[in-house]
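Engineer: Let me give you the structure first, and then I'll get to my questions.
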Amino acid sequence: MENNVSKSVVENILEVKNLRTYFYTDNGIVKAVDGVNFNLKKGETLGIVGETGSGKSITALTILGLITIPPGKIESGEIIFDGQDLLKLKINNLKHFRGNRISMIFQDPMTSLNPVFTIGNQLIESILTHQKISKKEAYQKALDLLDMVGISDKKRRMKSYPHEFSGGMRQRAMIAMAIANSPSILIADEPTTALDVTIQAQILELIDNLKNKTNSSVILITHDLGVIAKYASRVMVMYAGKPVEFASINDIFYNSIHPYTLGLIGSVSKLNEEKKERLKPIKGTPPSLIDLPKGCTFAPRCKYAIKICKESFPPSIEEESGHFAACFRAKEFLNKSLSRD
Amino acid sequence: MVEQENNLLEVKNLKKYFNLKTGFIINKSAGSVKAVDDISFFIKKGETFGLVGESGCGKSTVARLLLRLLKPNAGEIYYKGINILKIKQSRMFKYRREIQIIFQDPYASLSPRMTIGDIVSEPLEIHKVADKKSRINKIKKTLKVVGLNPEHINRYPHEFSGGQRQRVGIARALILQPELIICDEPVSALDVSVQAQILNLMLDLQKEFNLTYLFIAHDLSVVKYVSNRIGVMYLGKIVEVAPSEELYSKPLHPYTMGLLSAIPIPDPELERKRQRIILPGDVPSPINPPSGCRFHPRCPNAQEICSKQEPELKNYSKDDNEHLAACFFAGKPI
């Protein structure tokens, strides 16, 4: 992935290089993020897909400097934003970026909003933290933000507490806070997992519209391949803390060269399929991050695994332009000498 | 409800209201939550009937009512032609053997202090099936059937992953050789790759033991994969019932259309070409549901009549397969 980064430096707004975030627990070292590389282009939506414990959320939290140290530790890596390495910044300088230039929408709006302050109060706080304007101007701005995220009856809603909002409305309020300072990067960590499907569609549409309006970039973290198919332009697939495949949306879905991605796609039932095809699940379960298998972490579940897979972890190689995979047999998928079924 | 004999389960006009109370010393009634409001459906022997709906639509309450874990306010539940709401507890005991449940959360539904063997053998003890020796053989056999290692009989739930725990839950439901299994969101707590394993296992077991499933979930693509027929619920009401292929290809109720359209399909080219309908607004509170058709405030097709009169569930099918919908303008595109 390193090559790709240096090729297109101009339009990259964020570059993450060789990021490793470990947690030191009593039971051993949890390698939550272990060698993540990616770049985010201006105006794009980058999808990060993976199952529970694949390290997708920890990647996001590390970018924002929200890892508790200890037990967490950032072992290595660079996060280049605006020509600066965010990992080298002091906490006071980092605060200029966090919630301002880079902001985040969390999964569960109930636990991420403060229950004892009104929505207005929390909105105004996020504005005043980063902008030198009067309280009155901030109030006006907060009203405009509620308008932008589609909350009606704004003046009354400013005085409401989070518990008076429905799940979808809370997530709208969270989005209003996240975009309060017109960030260049919006990280959405499973923004709709806690919501019903019809509400999920509303919220994702809202995030996409705001992105297009403000020409910002979005990192969309999810386990839902349907959501990825709809909104992402490029996708990073993670497994057990490592990126295993990174490619354009079409390459991921139609031309995948990593067995885990192939397995994920085979595991979901498609609503549009006329005749019922049996699902093809991946056998076994994801490994514990404390006790990772030797070699490729996916090898014990992989039906294509050969001897070398159990000995060392395959490097991430650009197999074709913009298409990276960490698999010893990726080339065989690519030249079709290995069947994808 | 044409052929009575083939129906393993038949539900008629089932209602469940939960009373709300306010006040600390003197309880005042503050209305009720109409969790399940006059629903009827049937399940044929050997089929899977899917029940979908968003949170708060009453689908889990239906599961509890069918097991008599909750007492309905009105209605009838016929199991093999017998109204199980009218029979005594002692007779109900016999039927409990035949109707089992698989719960949503495999972390909360297994006692952490019991071994896998104890958990799976508890139904045998309660119903006094087999002696101790043959019980162990039976448990080992069942564990093997659901894809667990029979050697793990003495392990505790915390030693297993989510998918394996759900297999234990399935083994517990299976051991009494039931006829009907109620599956209340059995895979929604699991990762995608593990979901597919459990869904395939459930389909295999159905074939092997001739099981009938009531499959409750909020994920329409999962429900479509396992079900023969699907019922769609909205705010305590069934708004549409159809064979699963037909529900997808020819939905009649605007809520079903909106629900189908809201689910993104994991196929980028198709998904980006597709016209999506996004339903406006939130699901209203079941405490004070909208007048007339409960869906009318969110419905793009709503007319004056929709807010005044409640539409009945009518059959729109021309052949033997029922396709029911409760809408004055059923089939009108949105």
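What follows is calculated from the coordinates using simple rules that are stated; it is not laboratory data. As the structure is a computational prediction, the values presented were derived from the model and not from experiment. All Cβ positions, even for glycine, are placed from backbone atoms using ideal geometry, and neighbour counts span all protein chains on display.
Engineer: Could you work out how far the C-alpha centroid of the stretch B:167-188 sits from that of the stretch A:10-87, in angstrom?
Structural biologist: 40 Å
Engineer: While we're here: Within a 10 angstrom radius of each residue's Cβ in B:257-265, how many Cβ atoms of other chains show up on average? Whole number is fine. Write out the running numbers ahead of the final one.
Structural biologist: Numbers: counts 0, 3, 4, 3, 3, 9, 9, 13, 9.
Across B:257-265, the average partner-chain Cβ count within 10 Å equals 6.
Engineer: Determine ³J(HN,Hα), in whole Hz, for all residues of the stretch A:278-285 in sequence, where each value follows from phi through the Karplus function 6.51 cos²θ - 1.76 cosθ + 1.60 and θ = phi - 60°; x replaces Gly and Pro.
Structural biologist: Per-residue couplings from phi come out as 5, 5, 10, x, 7, 6, x, 10 Hz.
Engineer: Within the stretch A:270-327, list the GluC sites (Glu not before Pro) lying in a DSSP loop whose Cβ has at most 15 other Cβ atoms in a 10 Å radius. List each step's numbers first, then the result.
Structural biologist: Values: sites: A:E273, A:E274, A:E277, A:E311, A:E318, A:E319, A:E320; in loops: A:E273, A:E274, A:E277, A:E311.
In loop regions of the stretch A:270-327 (DSSP not H, G, I, E or B), the sparsely surrounded GluC sites (Glu not before Pro) are A:E273, A:E274, A:E277, A:E311.
Engineer: Give the distance, in whole Å, between the Cα centre of the stretch B:19-37 and the Cα centre of the stretch B:257-283.
Structural biologist: Taking the Cα centre of the stretch B:257-283 as reference, the centre of the stretch B:19-37 is 37 Å away.
Engineer: Additional query: For chain A, give me the percentage of DSSP beta bridges that are antiparallel, rounded to the nearest 5 percent. Could you put the intermediate results ahead of the total?
Structural biologist: On the way: 32 of 51 bridges.
Once the DSSP bridges in chain A are tallied, antiparallel ones form about 65 percent.
Engineer: Positive end of the dipole of chain B, charges at C-beta (+1 Lys, Arg; -1 Asp, Glu), about the Cα centre: which of B:P300, B:Y255, B:A63 has its Cα farthest in that direction?
Structural biologist: Farthest along the dipole direction, towards plus: B:A63.
Engineer: Report, as an integer, the average count of C-beta atoms from other chains found within 10 Å of each Cβ along A:188-200.
Structural biologist: Counting Cβ atoms of other protein chains within 10 Å of each residue's Cβ and averaging gives 4.
Engineer: Related question: Distance from the Cα centre of the stretch A:179-256 to that of the stretch A:109-174, in angstrom?
Structural biologist: Going from one Cα centre to the other spans 24 Å.
Engineer: Expected output is a single nm value to one decimal: the length gained when fully extending between A:K213 and A:D153, i.e. 0.36 nm times separation in residues minus the C-alpha distance. What is it? Display every interim value, and only then the final one.
Structural biologist: Numbers: separation 60, 0.36 × 60 = 21.60 nm, distance 2.32 nm.
Result for the pair: 19.3 nm of gain on full extension.
Engineer: Now for a different question. Counting other C-beta atoms within 10 Å, and keeping those with at most 13, which DSSP coil trypsin sites (Lys or Arg not before Pro) do you find in the stretch A:29-113?
Structural biologist: Working: sites: A:K31, A:K41, A:K42, A:K56, A:K73, A:K88, A:K90, A:K95, A:R98, A:R101; in loops: A:K42, A:K90, A:R101.
Qualifying residues, ordered by number: A:K90.
Engineer: Would you calculate the separation in nanometres between label points at B:D204 and B:K250, each defined as 7 Å from the Cα along the Cα-to-beta-carbon direction?
Structural biologist: Placing both labels 7 Å beyond Cα along the Cβ direction yields 3.6 nm.
Engineer: List, in the order given, every pair from A:K270/B:K273; B:K16/B:K237; B:K140/B:K224; B:K16/B:K318 whose Cα-Cα distance in the structure shown is over 22 Å.
Structural biologist: Working: A:K270/B:K273 16 Å; B:K16/B:K237 11 Å; B:K140/B:K224 32 Å; B:K16/B:K318 33 Å.
From A:K270/B:K273; B:K16/B:K237; B:K140/B:K224; B:K16/B:K318, over 22 Å: B:K140/B:K224; B:K16/B:K318.
Engineer: Still on this structure, please answer the following. What share of the DSSP beta bridges in the protein assembly as shown is antiparallel, in percent to the nearest 5? Could the numbers behind the result be given before it?
Structural biologist: Numbers: 61 of 98 bridges.
Of the beta bridges lying entirely in the protein assembly as shown, close to 60 percent run antiparallel.
Engineer: Rounded to the nearest 0.05, what FRET efficiency do A:S112 and B:S55 have when you use their Cβ-Cβ distance and R0 = 30 Å?
Structural biologist: 0.95
Engineer: Separate question: Could you work out the helix-only [θ] at 222 nm for the protein assembly as shown, with each DSSP H run of four or more residues adding -39,500 (n - 2.57) and the total divided by the number of residues, to the nearest 500 deg cm²/dmol? The partial results should precede the final answer.
Structural biologist: Values: 24 runs with 220 residues, N = 675.
Helices in the protein assembly as shown give a 222 nm mean residue ellipticity of -9500 deg cm²/dmol.
Engineer: So which trypsin sites (Lys or Arg not before Pro) in the stretch B:249-334 are both in a DSSP loop and have at most 12 other Cβ atoms within 10 Å of their Cβ? Walk me through the intermediate numbers first.
Structural biologist: Values: sites: B:R272, B:K273, B:R274, B:R276, B:R294, B:R298, B:K308, B:K314, B:K318; in loops: B:R274, B:R276, B:R294, B:K318.
Sparse-neighbourhood loop trypsin sites (Lys or Arg not before Pro): B:K318.
Engineer: Sticking with this structure for a sec: Please average, across the residues of A:255-264, the number of beta carbons from any other chain that are within 10 Å of each residue's own beta carbon, and give a whole number. Kindly include the intermediate steps, with their values, before the conclusion.
Structural biologist: Numbers: counts 0, 0, 0, 0, 0, 1, 0, 0, 3, 5.
Mean partner-chain Cβ count within 10 Å for A:255-264: 1.
Engineer: Work out how far the C-alpha atoms of the stretch B:1-62 reach from end to end along every principal axis, then list the three figures in whole Å, largest first.
Structural biologist: Here the Cα extents, ordered largest to smallest, are 51, 22, 13 Å.
Engineer: Considering only DSSP beta bridges where both residues belong to chain B, give the percentage that are antiparallel (nearest 5). Write out the running numbers ahead of the final one.
Structural biologist: On the way: 29 of 47 bridges.
Here the share of antiparallel DSSP bridges comes out near 60 percent.
Engineer: What are the extents of the Cα atoms of the protein assembly as shown along their three principal axes, listed from largest to smallest and rounded to whole Å?
Structural biologist: The Cα atoms of the protein assembly as shown stretch 75, 65, 55 Å along the principal axes, largest first.
Engineer: For the protein assembly as shown, build the charge dipole from Cβ charges (+1 Lys, Arg; -1 Asp, Glu) around the Cα centre, then report which of B:L211, A:S288, A:N100 sits farthest towards its positive end.
Structural biologist: Selected residue: B:L211.
Engineer: Would you mind finding the longest exposed-site-free stretch of chain B, with exposed GluC sites (Glu not before Pro) meaning DSSP loop and at most 14 other Cβ atoms within 10 Å? It would help to have the intermediate numbers written out before the result.
Structural biologist: Working: sites that count: B:E3, B:E312.
With a cap of 14 other Cβ atoms within 10 Å, the longest stretch comes to B:4-311.
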